[in-house]
1. Roughly how big is segment 43-210's charge dipole about its Cα centre, with Cβ charges of +1 (Lys, Arg) and -1 (Asp, Glu), in debye to the nearest 20?
2. Might you report the magnitude of the Cβ-based charge dipole of the chain about its Cα centre, with Lys and Arg at +1 and Asp and Glu at -1, to the nearest 20 debye?
3. Mind listing the long-range amide H neighbours of VAL125? Cut-off is under 5 Å, sequence gap 5 or more, other chains count too, H placed in the peptide plane at 1.01 Å from N.
4. Please report the antiparallel percentage of the DSSP beta bridges confined to the chain, to the nearest 5.
5. Fewest Cβ neighbours within 10 Å first, please rank THR243, THR31 accordingly.
6. Roughly what % of DSSP beta bridges within segment 43-210 run antiparallel, to the nearest 5?
7. When each pair of different Cα atoms in segment 43-210 is counted once in the 1/r mean, what is the Kirkwood radius in angstroms, to one decimal?
8. Which listed residue (ALA194, GLY216, ALA307) has the Cα farthest towards the positive end of the charge dipole for the chain, taking +1 on Lys and Arg C-beta and -1 on Asp and Glu C-beta about the Cα centre?
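We did not get these values from a lab; they are worked out from the coordinates using the rules stated. All figures in this text were calculated on a predicted structure; none of them were measured in a lab. Note that each Cβ is placed from the backbone with ideal geometry, even for glycine, and that neighbours are counted across all protein chains shown.
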Amino acid sequence: MKKIISLLLACVMLLGLAATCAAESGLVVDTCILKEADDKMLNTYTVIAVNPEAPFTDADGNAVSDVAVNTAGADALIQWLLTQDALDLAGNYGVAEYGEYLFYVKDNAPVYKGEIAPATEETKVIRLSTTTSVKDSGLLGFLLPVFEEAYGYTVEVQSAGTGKAINAAKFGNADLILVHSKSQEEAFVEEGFARVVDGFEAERISFIYNYFVLCGPSADPAGVKDCESVLDAFAAIAEGKFTFVSRGDASGTHTKELSLWPAELGITKEAESFVSYTDWYVSANTGMGACLVMAEEMGAYILTDKATFLTFVANDGIMG
């Protein structure tokens, strides 16, 4: 009995220390970064133009004809995103406000130096299908007004998990995509949905990156912070059955998360694969911002891109 009481007192002291640290930091959000800078957590973003001759289908797999793709507008936006000015804007976004870099420009990112066509009445509306992370982090809200003001375009942004963002393009509802899941991007290209934009050598144009981070409650009951690697951290969460919020939406973040669980768990995107883990594994099927709010409320662990997490903390845990 004395041993149990001692353990309970230790737990109370640990929780009190965590609360004190959070209070002293002035932060409203208790969720914090516990594991980062692991090679397996690299998060690269790629832009791809949609091929107007692609085999478009509807949600039921039926062929769709007469899809109108704004190739001129997509070219203009992609070319602008790869100008040195735009790359500098992306690379410096958030530094002044958050005190650290939210995105980095790839060393081998191509730089576009040619002319960019201004909008015409026929090309002025561009449909961009993208992942929630570049929207929730504020990056697109920072970049796109600069492009629109300079060239007269209006960019209509549809944001969802990478899988859904890619599907929107396959249904003929996008002119270009900006996503972060290499395997899904490569499949998109192989299936004939992509094209090479003038000035570039390949369909997939990877140009910025950041890192996924494993976050959780400051008390860190699974001991994630002390784990040697992110793989060890995920194993510790599973072994202790500590609550984990998964995107569950076939997004780039979800795809990365699935690759980090111990293989013997058999966790995949299929609901049947984690049916026996639902006492601790929460599949949310929603965007990054909403998942972070859930994790904060539940005191759960979560994998997120760092840019969205820093925005979440800066907004005191409120995501629009």
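1. 300 debye
2. The calculated dipole for the chain is roughly 780 debye.
3. Placed amide hydrogens put THR154 under 5 Å from VAL125.
4. 60 percent
5. By the 10 Å Cβ count, ascending, the order reads THR243, THR31.
6. Around 60 percent of the beta bridges assigned by DSSP in segment 43-210 are antiparallel ones.
7. After inverting the pairwise mean of 1/r, the radius is 16.0 Å.
8. It is GLY216.
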